[in-house]
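To keep things clear, I will list the structure first and then write my remarks on it.
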Amino acid sequence: MAHYDRETAYTAEAPAWMPPQLGECIRKGCFVCIEHTAAMRLGCTHWEQWGDIRRYDGDVRALDREIETCKESHGDHHIRLNVEDLGFHSRMTLFVYNPSRPALHAA
C-alpha cells in the first residue's frame, strides 16, 4: 500500500501564487472565507462573503478553483482570503486578486 505524504502532495499541487504559509494552514484544516469587494476605501470597505466558510483539508486545488469561480463572477472586484486557525486563535488575511493587477493570481 502506498504511503500518502501530504507535504509532497501539497508541493506538487500548489498553484504558483500560493505562499507556503497558506498551504500550511490548509493542510492543518484551518477555516477559509473568500470575500470580494468592488472598491477598496481606507477604513470603510465592505466585503461580501463568497460561498460558505469551509475547511479544505489540504486540497489546495479546490481552494484555487473556488477563487477562480469567484473571479469569473466578479472579475472587477478585489478578492481576499480570511484564514482562521481556531486551535491557535489566530487569523491571517491574504489578498489574492486585484483587478488592476490581474497577474498577481494567475492560474
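Bear in mind that the values in this text are calculations on the coordinates, not laboratory data. Values in this document were obtained by computation on a predicted structure and should not be read as measured data. Counting neighbours? That spans all protein chains shown, and the Cβs are built from the backbone with ideal geometry, glycine included.
Structure notes:
- Neighbour-limited loop hits for trypsin sites (Lys or Arg not before Pro), the range 13-107 (at most 15 other Cβ within 10 Å; DSSP other than H, G, I, E, B): 41
- Considered as an equivalent ellipsoid built on the Cα gyration tensor, the range 6-104 has semi-axes of 23, 16, 11 Å, the largest given first.
- In order along the range 90-96, the Karplus-derived 3J(HN,Hα) couplings, from 6.51 cos²θ - 1.76 cosθ + 1.60 at θ = phi - 60°, round to 10, 9, 9, 10, 9, 7, 10 Hz, and Gly and Pro are given as x.
- Cα centre as origin, Lys/Arg/Asp/Glu Cβ charges: the range 20-82 dipole, Debye: 200
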